[in-house]
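Q: Handing you this structure, nothing more for now.
The values are calculated or read from the model by the stated rules, or taken from the named source; none is laboratory data. Keep in mind the model is a prediction, meaning the values are calculated, not measured. Cβ atoms come from the backbone with ideal geometry, glycine included; neighbour counts cover every protein chain shown.
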Amino acid sequence: MDAAGVPGDNANVHDDAELMRLASRGGEGAFRALVDRHGRYLTGVAFSLCGNAADAEDLVQETLVAALTSTFRGESKVRTWLVQIVVRRAALLRRSRKRQHGETLANAVGATPADDNRPRASGPTAASATDAKLDLARMLETLTPEHRQIIVLRELEGMSYDEMAAELGVPRGTVESRLHRARGMLKEKFKGYL
Amino acid sequence: MPCNRAAQIHAYHDGELAAPERAAVEAHVASCEPCAALLAELRSLSRLLAEAPLPAEAEASPMGRYYGAFHKAMGRQQRDVVRLTGWLTAAAAVVIAATLFRAAPPAPRDRPAGAAAADAALPIWQQVAVTPAAEQEGERANGELVVVAQWMADDLAVGGR
């Protein structure tokens with residue numbers, strides 16, 4: 001669609017919701033402005049969730065396509081909405097990888113199953129944690145995927161327990177226990193910073 | 001000694017409590033050292049996470065590729081519209097065809113007088129083959145395959161005599 005055909009389609013619009021509305025109607029300028037504002041943040045979150053750059057970039061691109069082809073209802077900030085899509089897509093990717101991996105293992109004799117729900121092995125040790133320069137991905141890589149999700153949604157996006165329960169499709173009690181556990185692990189790992 | 005109100009401290013920190021519960025937790029924290037320490041840790045952890053820089057990979061974001069998502073999404077939307085239009089056209093065609101089929105009167109059987117005698121001389125399968133489609137409508141309604149099968153059986157019986 002021709003961006004010029006959408007009235008008000010320019011990067012000078014300050015409101016994200018308005019940019020999203022214009023972009024969904026074919027405003028390429030509005031879409032680019034949104035990407036400029038949130039593209040790096042989304043990549044950082046996606047990388048922190050999935051742990052590799054190629055998957056993170058795929059996740060962000062898919063998220064942007066999904067955002068343009070669906071309707072933003074304005075129930076949260078645009079950035080939070082986009083992060084929710086990233087979190088959802090990352091979970092789908094993880095499940096599909098796990099399934100593929102399971103199928104591969106079923107065909108391999110004597111292979112050691114890799115548990116995708118474990119924290120990544122490359123995480124900082126407790127001793128090195130205070131020495132390394134901490135970024136978001138370094139902090140979250142010490143957690144399981146479910147705990148990473150909950151920390152992103154609560155600590156970065158400020159979602160309520162009920163909103164997270166709805167987003168993740170789990171009871172509120174599960175949200176609370178995951179959050180407490182995730183915080184407990186982070187406190188233990190990074191106590192030198194607290 | 002640990003206190004069993006940790007869940008309430010988390011909920012307080014996350015702004016999940018109503019005013020009376022909030023006041024109760026504040027009063028409790030003022031006199032409970034473990035809960036006060038937990039609340040301080042939670043605040044500190046939240047600050048650490050909020051201030052943590054994005055990983056270096058974020059700086060290398062392929063913005064050009066992200067811009068390309070726009071054309072991908074618009075292409076997908078257009079394909080969806082074309083697909084929907086195709087389905088609606090097909091559905092409309094089916095409805096029109098069904099309506100015309102029900103509304104059409106039976107075709108007149110104005111055949112020449114000698115035609116019946118000539119037909120009698122032909123085997124039944126040839127009669128079916130040369131009969132105009134319009135004249136077969138009545139039989140179709142009764143089940144075309146069943147009728148043709150019956151004719152073939154009759155024809156074979158005649159030929160066998």
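Q: Taking segment A:21-57 only, how many residues are at the interface with chain B (Cβ under 7 Å from one of its Cβ atoms) and not in a helix (DSSP H, G or I)?
A: The total comes to 1.
Q: Output the residues belonging to segment B:1-27 that are part of a helix (DSSP H, G or I) and touching a Cys at 6+ places or on another chain (Cβ under 6 Å).
A: Listed by number, the list holds a single entry, B:Ile9.
Q: Which of the residues spanning segment A:96-119 are surrounded by 12 or more Cβ atoms within 10 Å (Cβ to Cβ) and modelled with pLDDT of 80 or more?
A: Scanning segment A:96-119 gives A:Arg97, A:Lys98.
Q: Give the residue that is surrounded by the most Cβ atoms within 10 Å (Cβ to Cβ), with candidates limited to residues of segment A:58-73 that are among the aliphatic types (A, V, I, L, M) and at the interface with chain B (Cβ under 9 Å from one of its Cβ atoms).
A: Residue satisfying both the conditions and the ranking: A:Val60.
Q: In addition: Specify which of the listed residues (B:Gly64, B:Gly75, B:Gly86) is of a type outside the set (A, V, I, L, M) and either within 30 Å of A:Gly51 (Cβ to Cβ) or in contact (Cβ under 8 Å) with a residue 60 or more places away in the chain (or both).
A: Within the list B:Gly64, B:Gly75, B:Gly86, the selection yields B:Gly64.
Q: Mind telling me which of the residues A:Leu82, A:Leu42, A:Leu49 ends up being touching a His at 6+ places or on another chain (Cβ under 7 Å) and either among the aliphatic types (A, V, I, L, M) or at pLDDT 95 or above (or both)?
A: Result of the check over A:Leu82, A:Leu42, A:Leu49: A:Leu82.
Q: Picking from A:Ala90, A:Ala53, A:Ala66, which residue would you name as being free of Cβ contacts under 8 Å to residues at least 12 places away in the same chain and touching a helix residue (DSSP H, G or I) at 6+ places or on another chain (Cβ under 6 Å)?
A: The conditions single out A:Ala53.
Q: For B:Val82, work out the one condition from (1) facing chain A (nearest Cβ under 10 Å); (2) farther than 28 Å from A:Ala182 by Cα it doesn't fulfil.
A: (1)
Q: Let me ask something else about it. Checking B:Cys3 against (1) within 13 Å of chain A (Cβ to nearest Cβ); (2) at pLDDT below 95; (3) more than 47 Å from the chain's Cα centre (by Cα): exactly one of these is not met. Which one?
A: (1)
Q: Quick one: how many residues across segment B:38-94 are of a type in the set (A, V, I, L, M), surrounded by fewer than 18 Cβ atoms within 10 Å (Cβ to Cβ) and not in a helix (DSSP H, G or I)?
A: Result for segment B:38-94: 1.
Q: Mind checking which residues of segment A:183-193 are within 10 Å of chain B (Cβ to nearest Cβ) and not hydroxyl-bearing (Ser, Thr, Tyr)?
A: A:Arg183, A:Gly184, A:Leu186, A:Lys187, A:Phe190, A:Lys191
Q: State which residue pairs qualify: first residue without any contact (Cβ under 8 Å) to a residue 40 or more places away in the chain and more than 7 Å from chain A (Cβ to nearest Cβ) and inside segment B:34-59, second residue surrounded by 18 or more Cβ atoms within 10 Å (Cβ to Cβ) and of a type in the set (A, V, I, L, M) in any location, beta carbons under 7 Å apart, and separation of 6 or more residues or different chains.
A: Close Cβ pairs satisfying both conditions: B:Cys35/B:Ile9; B:Cys35/B:Val29; B:Ala36/B:Val29; B:Leu38/B:Ile9; B:Leu39/B:Ile9; B:Leu39/B:Val29.
Q: Does segment B:7-29 include one or more residues that are hydrophobic (A, V, I, L, M, F, W, C) and within 9 Å of chain A (Cβ to nearest Cβ)?
A: At the first step, the residues of segment B:7-29 found to be hydrophobic (A, V, I, L, M, F, W, C) are B:7, B:9, B:11, B:17-19, B:23-25, B:27, B:29.
Narrowing the set further to residues that are within 9 Å of chain A (Cβ to nearest Cβ) leaves B:7, B:11.
Scanning segment B:7-29, I find at least one residue that is hydrophobic (A, V, I, L, M, F, W, C) and within 9 Å of chain A (Cβ to nearest Cβ), so the answer is yes.
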